[in-house]
Amino acid sequence: MRVAVISDIHSNRAALEAVLAVCDRLGIGDIANLGDSLSGPFDPAGTADILIERAIPSIMGNHDRMLLAPPEKLGLWERWAMPELTPAHLDWVRNLPETLDWKGLFLTHAAPGDDAENWLDFRGPGRRLIARDRSGVEARGAGLTAAVTLTGHTHTPRMVRLTGGRMVVNPGAVGCPAYFDDRTDPPFIHETGAPDARFAVLEEVGGKIEVSLRTVPYDPAGMQALARARGADTWAEAIGSGWFTSASQS
Ligand SMILES: [Fe+2]
């Protein structure tokens with residue numbers, strides 16, 4: 001087994017193309033996607049076209065689910081995407097499974113059973129993601145039997161092991177290396193500190209699975225222009241640096 005896992009593209013078509021080019025270069029044709037694919041200010045339709053054209057097995061993230069809400073309940077990230085999505089794109093979203101057993105791996109967007117709950121970390125004081133303690137991580141993985149579970153949602157690349165050696169792998173975000181969420185009080189900031197697209201490669205070697213958490217530099221200029229045209233200047237800044245310097249930091 002040698003596969004790639006991507007997640008949290010958030011409409012960043014250029015980042016997705018860069019990651020897929022690396023997969024092509026590595027000769028990896030088996031690629032799965034953990035969701036949050038189209039919501040964002042970049043190129044939702046172009047992103048959907050690629051995922052559909054390449055028939056990349058994908059599951060539904062919380063932001064994919066939110067695309068299916070009534071128009072008056074759409075969030076800002078979805079309101080950016082919705083005008084560009086065709087009925088075929090939305091059909092694709094509607095048919096995404098919540099989880100998937102894929103090549104012996106279990107795919108879930110966030111914590112099992114809750115597509116919007118952080119698993120490996122939580123929103124702590126200081127408006128930052130803080131790693132959960134062992135009991136919190138184990139509790140959310142209770143009952144999982146797969147040797148490897150893939151999870152996204154937090155945009156933070158990481159691998160941990162549960163009791164019995166079961167692995168939990170978060171590949172990080174393809175297209176959203178930093179974001180500012182002002183729906184919480186106080187507002188919440190997530191920063192990976194680098195603009196590079198992230199993904200994971202899993203390879204079985206001698207009966208054991210090796211995980212590579214990879215970074216891919218790419219040119220975000222075209223995506224930044226699309227974001228600025230929508231007034232999403234902070235997103236343009238975020239994909240250019242991986243930081244969120246315009247959000248006040250006290
Ligand atoms: Fe996300």
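The values are calculated or read from the model by the stated rules, or taken from the named source; none is laboratory data. Every value quoted in this text rests on a predicted model; they were computed, and no experiment measured them. A quick note on method: Cβ atoms are made from the backbone with ideal geometry, for glycine too, and the neighbour counts reach across all protein chains shown.
In the stretch 5-36, what residues are more than 21 Å from Asp219 (Cβ to Cβ) and buried (at least 24 other Cβ atoms within 10 Å of the Cβ)? Let's see the steps before the verdict.
Kept after step one, since they are more than 21 Å from Asp219 (Cβ to Cβ), are these residues of the stretch 5-36: 5, 7, 27-36.
Across the stretch 5-36, the qualifying residues are Val5, Ser7, Asn33, Leu34, Gly35, Asp36.
Among the residues of the stretch 196-205, are any at pLDDT below 95 and part of a strand (DSSP E or B)? No, because not a single residue in the stretch 196-205 is at pLDDT below 95 and part of a strand (DSSP E or B). Does Leu162 qualify as being under 15 Å from the mean Cα position of the chain (by Cα), of a type outside the set (Ser, Thr, Tyr), surrounded by fewer than 18 Cβ atoms within 10 Å (Cβ to Cβ) and modelled with pLDDT of 95 or more? Against the criterion (under 15 Å from the mean Cα position of the chain (by Cα), of a type outside the set (Ser, Thr, Tyr), surrounded by fewer than 18 Cβ atoms within 10 Å (Cβ to Cβ) and modelled with pLDDT of 95 or more), Leu162 does not qualify. When we screen Ile209, Ile239, Ile189 for residues that are β-branched (Val, Ile, Thr), surrounded by 13 or more Cβ atoms within 10 Å (Cβ to Cβ), within 25 Å of Phe122 (Cβ to Cβ) and modelled with pLDDT of 95 or more, the only hit is Ile239. Among what's in the stretch 95-112 and is assigned to a loop (DSSP other than H, G, I, E, B) and of a type outside the set (A, V, I, L, M, F, W, C), pick the residue that is farthest from Ala227 (Cα to Cα). Restricting to residues being assigned to a loop (DSSP other than H, G, I, E, B) and of a type outside the set (A, V, I, L, M, F, W, C), the top hit is Gly104. Is it the case, given these coordinates, that Ile9 is within 14 Å of the chain's Cα centre (by Cα) and under 20 Å from Asn170 (Cα atoms)? Criteria met by Ile9. For the stretch 225-243, a tally of residues being under 11 Å from Phe180 (Cα atoms) and within 18 Å of the chain's Cα centre (by Cα) returns 3. A search for C-beta distances below 9 Å between a residue of the stretch 198-216 that is in contact (Cβ under 8 Å) with a residue 24 or more places away in the chain and within 16 Å of Gly165 (Cα to Cα) and any residue that is in a strand (DSSP E or B) and of a type in the set (Lys, Arg), counting only pairs 6+ apart in sequence or on different chains, returns Leu202/Arg2; Glu204/Arg2. Residues in the stretch 170-186 that are more than 11 Å from the ligand (Cβ to nearest atom) and surrounded by fewer than 23 Cβ atoms within 10 Å (Cβ to Cβ): Phe180, Asp182, Arg183, Thr184, Asp185, Pro186.
Of the helices (runs of 4 or more DSSP H) lying entirely inside the stretch 12-94, those containing at least 1 residues that are within 13 Å of the ligand (Cβ to nearest atom) and among the charged types (D, E, K, R) are 62-67, 76-81. Being of a type in the set (A, V, I, L, M) and free of Cβ contacts under 8 Å to residues at least 24 places away in the same chain is a description that does not apply to Leu105. Checking each residue in the stretch 217-229 for being in contact (Cβ under 8 Å) with a residue 24 or more places away in the chain and crowded, with 16+ Cβ neighbours inside 10 Å picks out Tyr218, Pro220, Met223, Leu226, Ala227.
Out of the residues in the stretch 113-132 that are farther than 22 Å from Glu191 by Cβ and part of a loop (DSSP other than H, G, I, E, B), state the one that is nearest to the chain's Cα centre (by Cα).
Step one: of the stretch 113-132, the residues farther than 22 Å from Glu191 by Cβ are 113-115.
From what is left, the residues that are part of a loop (DSSP other than H, G, I, E, B) are 113, 115.
Working: Gly113: 17, Asp115: 12 Å.
Per the stated criteria, the residue is Asp115.
Could you list, in sequence order, the residues of the stretch 1-11 that are within 16 Å of the ligand (Cβ to nearest atom), out of contact with any helix residue (DSSP H, G or I) (no Cβ under 8 Å at 6 or more places or on another chain) and in a strand (DSSP E or B)? Talk me through it step by step, then tell me what you get.
Start the filter on the stretch 1-11 by keeping residues that are within 16 Å of the ligand (Cβ to nearest atom), which leaves 5-11.
The next check asks that each one be out of contact with any helix residue (DSSP H, G or I) (no Cβ under 8 Å at 6 or more places or on another chain); those that pass are 5, 7-8.
Answer for the stretch 1-11, where residues must be within 16 Å of the ligand (Cβ to nearest atom), out of contact with any helix residue (DSSP H, G or I) (no Cβ under 8 Å at 6 or more places or on another chain) and in a strand (DSSP E or B): just Val5.
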